[in-house]
1. Please find, among V216, V240, V310, the residue that is over 17 Å from the mean Cα position of the chain (by Cα) and open to solvent by 20 Å² or more (accessible area, probe 1.4 Å).
2. Has region 102-120 got any residue that is outside any strand (DSSP E or B) and open to solvent by less than 10 Å² (accessible area, probe 1.4 Å)?
3. Yes or no: R86 assigned to a strand (DSSP E or B), open to solvent by less than 50 Å² (accessible area, probe 1.4 Å), outside the structural domain of L193 (by TED's automatic domain parsing) and among the basic types (K, R)?
4. Taking the condition of being open to solvent by less than 70 Å² (accessible area, probe 1.4 Å), assigned to a strand (DSSP E or B) and out of contact with any Lys or Arg (no Cβ under 6 Å at 6 or more places or on another chain), how many residues in region 47-77 meet it?
5. Going by the structure shown, is P160 part of a loop (DSSP other than H, G, I, E, B) and surrounded by fewer than 21 Cβ atoms within 10 Å (Cβ to Cβ)?
6. Out of (1) in contact with a Phe, Trp or Tyr (Cβ under 7 Å, 6 or more places away or on another chain); (2) crowded, with 19+ Cβ neighbours inside 10 Å, the odd one out for V154 is which?
7. Of the residues G263, G201, G251, G210, only one is open to solvent by 30 Å² or more (accessible area, probe 1.4 Å), within 21 Å of I101 (Cα to Cα), under 18 Å from the mean Cα position of the chain (by Cα) and not assigned by TED's automatic domain parsing to the domain that holds V129; which?
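The values are calculated or read from the model by the stated rules, or taken from the named source; none is laboratory data. In this text, all values refer to a predicted model and were calculated from it rather than measured experimentally. As a convention, Cβ positions derive from the backbone with ideal geometry for all residues, glycine included, and neighbour counts pool all protein chains shown. Keep in mind that these areas ignore ligands, DNA and RNA; they rest on the heavy atoms of the full protein, side chains included. Shrake-Rupley method; radii C 1.70, N 1.55, O 1.52, S 1.80 Å.
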Amino acid sequence: MPSTHCDLRRHRRAAVFGAGSGAGFAGAGRPLRVVSGVVLDASPHLLMLNAGGTEIRLAMSGATKVWHGGRGNLAALRPGRPVIARPGKDGPAVERIWVGIERVAGTILACGKDAAEVDMGPHRGRAHVVIPPDVLQRVLVRHPRMEPGYLIDVICVGSPDGPRAVRPGTSQPGYRADDLAAPEVTAPVPGVLRGTATWFGDAGGEAPAGAAYPAVDSEGAAGGCADAPSGCVPFPYLSVGSEVTVHNECGGRAATVPVVECGCTAARFCDRCVDCAASPRGRIVELTPAVFAGLGGDLEAGCFNAAVRVEGPW
């Protein structure tokens, strides 16, 4: 695959997320109970999942929406496929089901006429993402510089050939991945960070429920990435295992979750989310899919405007 200008015109484990109160954020609601697992069977009224070796049965209704690379239906709920299911706010029936959803975000290494090689960071490795011609124009609106060295973020659906892009995740910053301007050294670190929350992984990801934080200290046993940039906003340094409270400022839900890895890639994106209004620039947290969905985020949308408070001493 050539590394010149692009000619463009994975881990499985079930999880249940629903803990955390979001104490301290005025008006914050509790997260929704989200279930991830592998489809065993499905009918118009019932979804059966294998969730970590436990069979779970979830009620469905005529209002249940299925995503499988776009609008889907019961035919997408085939046995063996990984899914994330979120109940409605007003009843036990499942409101949303995402089938085989994945995300590829990182630095473009090389590309051809319908695919790209992407470096997703030291924790996540590389990905070969297919970008079909009918999706390309949508991607180019958000990512006009499809060249090696620039950032890309696409929502994908799993396929036998790997992730296949279906839409852009968020906008591409207007700079190369290695040309991020750091915040002023004297800039104060706010008590509550405000910016963009995104998600990482896939529907059956093995990462424990939690968050990837862009400023995990690389010294000692903190668990950080030595080559992670400082990001475009001032962050307090944390360690893996620290806790952060994440508040969805568009949906009103909040939860306190542990930091499970360094968000090395997130630190390179100085973009905005416009889920309900234009957020301040900068990705301040990446969440595992179940946490993101439990806080009211729609996985295919890619982001929500967030406030993040660090719990305990910095």
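1. Numbers: V216 fails: open to solvent by 20 Å² or more (accessible area, probe 1.4 Å); V310 fails: open to solvent by 20 Å² or more (accessible area, probe 1.4 Å).
Result: V240 is the single residue among V216, V240, V310 that is over 17 Å from the mean Cα position of the chain (by Cα) and open to solvent by 20 Å² or more (accessible area, probe 1.4 Å).
2. Within region 102-120, none of the residues are outside any strand (DSSP E or B) and open to solvent by less than 10 Å² (accessible area, probe 1.4 Å).
3. Numbers: assigned to a strand (DSSP E or B): yes; open to solvent by less than 50 Å² (accessible area, probe 1.4 Å): yes; outside the structural domain of L193 (by TED's automatic domain parsing): yes; among the basic types (K, R): yes.
Yes: the conditions hold for R86.
4. The total comes to 9.
5. Values: part of a loop (DSSP other than H, G, I, E, B): yes; surrounded by fewer than 21 Cβ atoms within 10 Å (Cβ to Cβ): yes.
Criteria met by P160.
6. Among (1) in contact with a Phe, Trp or Tyr (Cβ under 7 Å, 6 or more places away or on another chain); (2) crowded, with 19+ Cβ neighbours inside 10 Å, V154 violates only (1).
7. Unique residue meeting the criteria: G201.
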